[in-house]
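This report refers to the structure that appears directly beneath it.
Taken together, the values in this text are just the output of simple stated rules run on the coordinates, not laboratory data. Quantities reported herein were computed from a predicted structural model and do not represent experimental measurements. Heads up, the Cβs are rebuilt from the backbone with ideal geometry, glycines too, and the neighbour counts pull from every protein chain shown.
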Amino acid sequence: MEKLKEIIVLEGTVKLVTGLHIGAGNDEIKIGGIDNPVIRDPYTNEPYIPGSSVKGKMRFLLEWYLGKVDLNKGNPFSQNDGSLEARAILKIFGASGSDSEENKIGPARASFYDLFLTDESRKLLKERVGTLMTEDKAEVMVNRISGTGKNPRHTERVPAGAEFKFKLVYKIFDEEDEKLFNYLLKGLKLLEIDGIGGSVSRGYGKIRFENLIKKTLMGQDKEPVDLEKVEL
């Protein structure tokens, strides 16, 4: 592998178009309480978006988009079949140690950071929905015969309109890495189209990237990124 040639940083904001639920798990459900709490920063107790959630959903969508899904086992794509699409997935998101060595892929080119609330969103959420900065979304199962609802289930969501600070780092070792950067942008666009977190099929987790700026650290260049112009 060649030496590190360039580091690209993408920064901007992620705005929630609809309420977002990324679960924390809850072993104890209290009567009248939230069944599905959101994940929170253990230090500030504020909701946040784990970078792993963004990375995992983006890889999932790109694998389907590029036709690299294991239809038998459903495992993450890991074999380099020689195609540019395969190398894009493995280089951007990484492969296991043995796969990386066998396929001569090297380290994951993209590093995904946890997303924390912007200062303005933190202030607005506290003013409008309280110190927890979330909403209680109640859902019921409807009886197909009577049409009546029963057994309400309460899900905690970060409300629509909240904004999170977004940062992603992409490392370039060779010319192919430069070409694969466009696949990274395609992945971001697919996230906008589909969504992140739980219950996307029920309208949760729709997002929009705003004010994306691409910076090359070694060249000290900056330019805006418009996902509307990214072709799928």
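Observations
- Protection proxy ranking of 120-127, 108-115 - average other beta-carbon atoms within 10 Å, highest first: 108-115, 120-127
- Computed magnitude of the charge dipole of the chain (debye, nearest 20; Cβ of K, R +1, Cβ of D, E -1): 580 debye
- Spin-label model, Glu127/Glu139: points 7 Å from Cα along the beta carbon direction are separated by 3.1 nm.
- At q = 0.12, 0.18, 0.19 Å⁻¹ the log10 of I(q)/I(0) for the range 101-232 amounts to -0.69, -1.14, -1.21, computed by Debye summation with a single uniform scatterer per C-alpha, solvent ignored.
- Computing percent of Cα pairs over 34 Å apart for the structure here picks out one of (1) 17; (2) 24; (3) 9, namely (2).
- Dipole of the chain [Lys/Arg +1, Asp/Glu -1 at C-beta], most positive-end residue of Ala108, Thr44, Gly130: Gly130
- The chain: most fluctuating residue of Gly12, Gly67, Gly187 per GNM, C-alpha cutoff 10 Å: Gly67
- Entry note, the range 158-232: relative contact order of 21 percent, from Cα contacts under 8 Å with a spacing of 6+ residues.
- FRET E, pair Lys5, Ile193, Förster distance 35 Å, beta-carbon r, rounded to 0.05: 0.65
- Inter-label distance, nm, simple model (7 Å from Cα along the C-beta direction), Tyr43/Asn211: 2.3 nm
- A Gaussian network model of the chain, with springs between Cα atoms under 10 Å, assigns the largest mean-square fluctuation among Pro152, Pro47, Pro76 to Pro152.
- Each label point was placed 7 Å from the Cα along the Cα-to-Cβ direction; for Arg202 and Lys179 their separation is 4.4 nm.
- Top positive-direction residue, dipole computed over the chain with Cβ charges, set Thr18, Ser83, Val230: Thr18
- Links that overshoot a 23 Å alpha carbon limit, given the list Lys137/Lys167; Lys5/Lys222; Lys104/Lys214; Lys167/Lys189; Lys15/Lys179: Lys137/Lys167; Lys104/Lys214; Lys15/Lys179
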